[in-house]
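Structure, as structure tokens:
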Amino acid sequence: MIFKRRDKRLTLLRLKEFLLPKKGWRRALDYIVYRLKRLPDTPHNISVGLAMGVFSSFTPFFGFHLFVAAALAYLFKANIIAALLGTFFGNPITWPFIASFSVNLGQIILGRNLSNFETFLGDFVEAGEAIWRSFKSVFGYGNSDWDVVFLFFYDLLLPYFVGGFLLGAVISIISYFVFRPIIYAYQKARRKKKQKRLDLENKRLSLREAKGSFVVFREKGLEDVFVVDDL
């Protein structure tokens, strides 16, 4: 193949580049901050949108976090763009912690035995393979493993949903009260800076209009008329 890689990268190297990209996470963070600064909305709507994005990151609907965040933002009449940006809270660095705490919290609530991250990570991989095999079996390729899929949903995905819902609700509420004063302070400073710039521009325009105009003044009973020099 023309576009096939000549050197096959090792799995560990791919994992390292996935967790720590060459350009760094700073660039992604700078982009998120830049977009938040440009959002033309109230601090409340933006903060609620961000909170909805954070909440969706705790749900086990992998691959659909953007849709969940957008739907919640629409439901709560929040800023949808902010909600989409809020989903970056769930990333390859935070996901192991989110998944671990969510699953364990759900298992505690449901009265089940706790499992470590390596255990349910293997269960995720096994469930994904079982889903793929079951999907192929519909078209006559191999045997289905729907029992494994249903067992995965009951043993792992249900605790994840319960624990993630409660933990996500708490973290999203906290994030709202963290984001709102920051956004309010930034927008206030930005409006003040913009007004100062407008005042300066208006002053410059008034000086330009005064250039070349006639000024009449009285001094010692005399009236002199002169042209204002270039300012």
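The values are calculated or read from the model by the stated rules, or taken from the named source; none is laboratory data. All figures in this text were calculated on a predicted structure; none of them were measured in a lab. A quick note on method: Cβ atoms are made from the backbone with ideal geometry, for glycine too, and the neighbour counts reach across all protein chains shown. Ligands, DNA and RNA are excluded from the accessible area calculation, which covers all protein heavy atoms including side chains. Shrake-Rupley method; radii C 1.70, N 1.55, O 1.52, S 1.80 Å.
Before I look further, what does the stretch 148-211 give for accessible area per residue, probe 1.4 Å, in whole square angstrom?
Working: 4930 Å² over 64 residues.
Computed with neighbouring chains in place, this is 77 Å² per residue.
Count Lys and Arg as plus one, Asp and Glu as minus one, and take only other residues whose Cβ is under 13 Å from that of Y154; the net charge is then -2.
Ligands, DNA and RNA left out, the 1.4 Å accessible surface of the stretch 99-188 is 70% carbon and sulfur atoms.
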